[in-house]
1. For the list (1) modelled with pLDDT of 75 or more; (2) closer than 30 Å to residue 9 by Cβ, I need the number of the one condition that residue 60 fails.
2. Inside the stretch 93-122, can you point out the residues that are part of a loop (DSSP other than H, G, I, E, B), at negative phi and touching a strand residue (DSSP E or B) at 6+ places or on another chain (Cβ under 6 Å)?
3. Out of everything in the stretch 123-138 that is modelled with pLDDT of 70 or more and in a strand (DSSP E or B), what residue ends up being surrounded by the most Cβ atoms within 10 Å (Cβ to Cβ)?
4. Looking at the stretch 47-57, which of the residues that are on the phi < 0 side of the Ramachandran plot and under 14 Å from the mean Cα position of the chain (by Cα) is surrounded by the most Cβ atoms within 10 Å (Cβ to Cβ)?
5. Checking the conditions here, which among 108, 42, 8 is touching a helix residue (DSSP H, G or I) at 6+ places or on another chain (Cβ under 9 Å), surrounded by fewer than 17 Cβ atoms within 10 Å (Cβ to Cβ) and touching a residue at least 12 places away in the same chain (Cβ under 8 Å)?
6. Considering every residue within the stretch 18-30, establish whether at least one is modelled with pLDDT of 95 or more, assigned to a loop (DSSP other than H, G, I, E, B) and within 19 Å of residue 99 (Cβ to Cβ).
7. What single numbered condition from (1) surrounded by 15 or more Cβ atoms within 10 Å (Cβ to Cβ); (2) part of a loop (DSSP other than H, G, I, E, B) fails to hold for residue 78?
8. Of the numbered conditions (1) under 18 Å from the mean Cα position of the chain (by Cα); (2) part of a loop (DSSP other than H, G, I, E, B); (3) at pLDDT 95 or above; (4) surrounded by 15 or more Cβ atoms within 10 Å (Cβ to Cβ), residue 90 fails exactly one; give the number of that condition.
């Protein structure tokens, strides 16, 4: 699932064993292939972040109610992206398309359904999923809550 970042300790352990450098990329199916990537060197990357928007891509954090008001740095909202990789429309689903496309600053943005914030250096962090609530025994939960519970059960600790 997209809501949970790779735990830092697992990534570090993998890098220690393999000598490889892990780098997180991000992009919903509607933005084939990616909209963000973390720098590929240890000095500049940020664990827990999806990274920075790639070339020719503009990303914003917008309000979750309507999706047109840009949020301030550090404030939580929905990730919206504009770029050449963003789909034109859902095939034969104009109603679905209308639900996820917004015009902001005279550009066409796709509302990803992912909740997060942008930090002071321009890195984006995903904290949850807006559009994928899961029914758990009659209760509704976000994927992140369920993923955290699995991780805690398996590893005996909460994800930072």
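The values are calculated or read from the model by the stated rules, or taken from the named source; none is laboratory data. For clarity, every value in this text was computed on a predicted model and none was experimentally measured. Neighbour counts run over all protein chains shown; Cβ positions are idealised from the backbone, glycine included.
1. (2)
2. Of all residues in the stretch 93-122, those part of a loop (DSSP other than H, G, I, E, B) come to 93, 105-106, 119-122.
From the residues that got through so far, the ones that are at negative phi too are 93, 119-121.
Correct list: empty.
3. Narrowing the stretch 123-138 to residues modelled with pLDDT of 70 or more: 123-130, 137-138.
Okay, now just the ones that are also in a strand (DSSP E or B), so 124-129.
Details: 124: 24, 125: 19, 126: 22, 127: 15, 128: 17, 129: 20.
The residue in question is 124.
4. Step one: list which residues in the stretch 47-57 are on the phi < 0 side of the Ramachandran plot, which gives 47, 49-50, 52-55, 57.
From the residues that got through so far, the ones that are under 14 Å from the mean Cα position of the chain (by Cα) too are 47, 49-50, 52-54.
Details: 47: 15, 49: 22, 50: 25, 52: 20, 53: 22, 54: 18.
The residue in question is 50.
5. Values: 108 fails: touching a helix residue (DSSP H, G or I) at 6+ places or on another chain (Cβ under 9 Å); 8 fails: touching a helix residue (DSSP H, G or I) at 6+ places or on another chain (Cβ under 9 Å).
Answer to the selection: 42.
6. No: the stretch 18-30 contains no residue that is modelled with pLDDT of 95 or more, assigned to a loop (DSSP other than H, G, I, E, B) and within 19 Å of residue 99 (Cβ to Cβ).
7. Every listed condition holds for residue 78 apart from (2).
8. For residue 90, the failing item is (1).
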